[in-house]
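The values are calculated or read from the model by the stated rules, or taken from the named source; none is laboratory data. Bear in mind the structure is a predicted one, so any value in this text is a computation, not a measurement. To get the accessible areas, we keep the full protein, side chains included, count just its heavy atoms, and leave off ligands, DNA and RNA. Shrake-Rupley method; radii C 1.70, N 1.55, O 1.52, S 1.80 Å.
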Amino acid sequence: MPVHYTKNTLECTVWCAKCRRMTQHRVDGGRQGPCLECKPSGMTKAQEKRKISEEKEKSQTKLPF
C-alpha cells in the first residue's frame with residue numbers, strides 16, 4: 001500500500017530503483033515524487049555514453065598530417 005505524506009512534507013527518504021540505494025525523493029501532493037539525486041536528463045544510458053564520447057572527441061585536438 002502506498003505511503004501518503006502530510007501536505008507540508010517536502011522530501012522523504014526511500015529506496016530508489018534507479019540509483020539502487022536509499023535517496024531523498026520529492027513529495028508531490030502527499031505522494032512520493034521523483035528522486036532528487038538522479039540525473040533528470042531524460043536520456044537513456046546509451047545516449048549519455050554517446051554524448052560523453054562526442055564531447056571528448058570535440059575537446060581533443062587533432063594533429064594535421
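Restricting attention to segment 29-39, which residues are more than 11 Å from the chain's Cα centre (by Cα) and open to solvent by less than 100 Å² (accessible area, probe 1.4 Å)? Hits for segment 29-39 are G29, G30, Q32, G33.
Against the condition within 15 Å of the chain's Cα centre (by Cα), of a type in the set (G, A, S) and either open to solvent by 80 Å² or more (accessible area, probe 1.4 Å) or at pLDDT below 80 (or both), how does G42 come out, does it pass? In short, yes. All of R20, R26 fail the test of being at pLDDT 90 or above and either open to solvent by 80 Å² or more (accessible area, probe 1.4 Å) or within 15 Å of the chain's Cα centre (by Cα) (or both), apart from R26.
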